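Values in this text are rule-based calculations from the coordinates and carry no lab data. Nothing here was measured: the structure is a model prediction, and the numbers come from that model. With ideal geometry, Cβ positions are generated from the backbone for all residues, glycine too; neighbour counts draw on all protein chains shown.
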Amino acid sequence: MKTRFPLLLCALLMSIGIQAQTKWFNDKDLTLTGVYYYPEHWDESQWERDFRQMHELGFEFTHFAEFAWAQLEPEEGRYDFTWLDKAVELAAKYDLKVVMCTSTATPPVWLSRKYPEVLIRYEDGAIRDHGSRQHASFTSEVYRELAYRMIEELARHYGDDPRIIGWQLDNEPMVQYDFSHKAEEAFREYLRESYNNDIQALNKAWGTAFWSQTYSSFDQINLPLWNQWGSNYHQILDHRRFAAKQTNDFLNNQCLIIKKHARNQWVTTNYIPNYDEGHVGGSPDLDFQSYTRYMVYGDNEGIGRRGYRVGNPLRIAMANDFFRPFQGTYGVMELQPGQVNWGSINPQPLPGAVRLWLWSVFAGGSDFVCTYRYRQPLYGMEQYHYGIVGPDGVTVTPGGREYEQFIKEIGLLRKKAQEREVKPQDYLARRTAILHNHENYWNIDHQKQNRTWDTFDHMNKYYRTLKSLGAPVDFIYEDKDMKEYPVVIAPAYQLADKELTDRWMEYVEQGGNLVLTCRTAQKDRYGRLPEVPFGSMIYELTGNELEFFDLLLPEDPGKVVMDGRTYTWNTWGEILKPGKDSQVWATYEDEFYEGKPAVTTRRLGKGTVTYIGVDSTDGSLEKDILKKLYAMLEIPVMDLPYGVSVEYRNGLGIVLNYTDKPFTFELPEGSKVVIGSGTIPPAGVLVFRI
Ligand code: GAL
């Protein structure tokens, strides 16, 4: 069966891609490279020397005022931007543009002392206090007002300044769980709105008939105590929605204030890629999403004995694929230049690893990459954290030299840069989406049913396979059009409704290939089981009925067999009763359901639905199923070893080697090596022109 999307898709991508590009960034630049600088940490007499060297190393922008609220507003209502003006001026002298920040992660002490109600309260009653950072609650109206006032002054001052290219809001804004009384009141207000002031609707949604939890008024509702055994999961789900909204609204309001004054400056923030936190992409007025990424901090998630010096091969790739689909572009705001200070151990990166990470960011289609930070701090929490230069402020670190090399390499490639969406057809043909909704993680993680179940790990088995097939992957939310993708995978998509299952049906009938996995569509959006046979929301799609599911002891896994090969499983297995038109691909090989189906596929309309009812121990079953599926669909795939990835952009192929052995890459016909060579050493990179 031929997939009918690729050609159309390519044309579509070209138009989307180019639109996304022209607004803020220029395709011909490939990527911009920048570095954090905190003028307030250093003697003013050194600033010029530092910017000069930054420029000589090739950096094109710097990043100011991230934690400087105390310097920007030394007393309530008295603003001082003179020092920052000087820094901007000097940076410009050395051709460095500036990313300006809103400083809201570090409110000054006068604020915490005068308005102590802004401080976050933990579930156990302890209060976060001044002396660290991120201690003020995004829910607090007082804090928000003070922040907005300061941001407005800053935006008025710099919004029309062409030396400022864009803005970063806050710092690594997270979803906060503030248990203060004000937060509780705000939660009640949120519920009143969500349930149209109808307490019976809330009682129904939360199933409060259970354990006598029924409410007669919104004023009786408390913030659910997460650490208290038996707290209502439906209530916790709403609490998480509420908390994510606080962060999203706060950021969005900051953005709108800046946009009142900003001309031709973008606004973003630097999220931590926590896929289940639920706020990335939730502030609609941000121009694009950026992330921070640290690769080497102790645990060995890499390959081989020295893998801890290189890091997890898919850590940057996954962040790229998660952040890019929101607006078609993304930037990386922080990437470590060397040792960090906060890991379990803080090893030196393997020589070459910093450059490998830079190319990994580039490979996903980023428009800029920025490193944390220029100078190693002399004091404070982050002593021992490497910079581009060491504590003397001038000696370039090994990571600093790798940045210099990367910037030079990009400079060379710019001479013949093509448009970003120039990519080979066979690569685009295997474009795959992973349908994501953090709420599935929230709900499943409170009710795993098996201590070995891991929602992220389940999804990652598919992601890792897709990368080994050389597929470009987009993580998408439900608001995206699935039709752009020949294959869509929805792993453990637990919370669903008819609207979603209808959309899935339409996608498949029109020629899409949908892969659903265990635990999908078993609950409604409140996390309740619908009053229908278990799992039956997707019977029409999959053609199967679900007899029951089983969970096994980790030390005694079960077996599944497909095409004569045996695989093990234990975290979740669904025993399926297939319909007449389903092909059974895998069956259980033991237990009292020996011989019964675990995996099925069927054609439906112009497309296919594959249902994978089991989570294998090591992902090898998932890998073989996807290979079989793409072969059936005649989608051309690669077979890359774990640790090697290939991506394309701007008419360039980028091959990254995170393994501990040299890897020889077979270059596509007609391509020309521009960086590296066909045999790529560990932590090495190959770039070729197609
Ligand atoms: C990041 C944070 C930075 C800095 C850095 C140190 O998570 O956003 O402000 O603290 O860690 O590695």
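In summary, segment 22-109 shows an alpha-carbon radius of gyration equal to 1.19 times the 2.2 N^0.38 Å reference for compact globular proteins.
Extension gain, Asp80 to Tyr379: 0.36 nm times the residue separation minus the Cα-Cα distance gives 105.2 nm. Per residue, the average separation of C-alpha pairs within less than 8 Å and at least 6 apart gives segment 521-573 a relative contact order of 24 percent. Peptides 89-100, 348-359 ranked from most to least packed, by the mean per-residue count of other Cβ atoms within 10 Å: 348-359, 89-100. Look at the alpha carbon pairs under 8 Å that are at least 6 residues apart: their mean separation over the length of the chain gives a relative contact order of 12 percent. Once C-alpha pairs closer than 8 Å and six or more residues apart are averaged by separation and normalised to the residue number of segment 229-377, the relative contact order reads 21 percent. Using the alpha-carbon centroid of each, what span in Å lies between segment 407-486 and segment 378-400? Each part reduced to its Cα centre gives a spacing of 34 Å. In segment 451-541, what GluC sites (Glu not before Pro) fall in a loop by DSSP, with at most 11 other Cβ atoms inside 10 Å? Counting only loop positions with at most 11 other Cβ atoms within 10 Å, the GluC sites (Glu not before Pro) in segment 451-541 are Glu531.
The string of couplings for segment 502-509 from the Karplus curve (6.51, -1.76, 1.60, θ = phi - 60°) is 5, 5, 4, 4, 5, 4, 5, 4 Hz, one whole number per residue in order, with x for Gly and Pro. Two numbers describe the Cα atoms of the chain: Rg and Dmax, which are 26.1, 79 Å.
Suppose R0 equals 35 Å; then what is the FRET efficiency for Phe534 and Glu301 from their Cβ-Cβ distance, rounded to the nearest 0.05? Plugging the Cβ-Cβ distance into 1/(1 + (r/R0)^6) gives 0.45.
Secondary-structure-derived ellipticity at 222 nm for the chain, considering helices only, amounts to -10000 deg cm²/dmol, per-run term -39500 (n - 2.57) for DSSP H runs with n ≥ 4. Note on the chain: antiparallel DSSP beta bridges, both residues inside, total approximately 50 percent of the bridges counted.
Backbone amide hydrogens, once placed in the peptide plane, bring Ile680 within less than 5 Å of Phe663, Thr664, Phe665, excluding anything fewer than 5 places away on its chain.
For Met562, the residues whose modelled amide H falls within less than 5 Å of its own, excluding neighbours fewer than 5 places apart on the same chain, are Tyr567. With the simple model of a label 7 Å out from the Cα in the direction of the Cβ, Asp445 to Ala92 spans 4.5 nm.
When only alpha carbons are used to place a centre, segment 624-648 and segment 271-349 end up 24 Å from one another. Note on Leu553 and Ala209: the model spin-label points, each 7 Å out from Cα along the C-beta direction, lie 3.9 nm apart.
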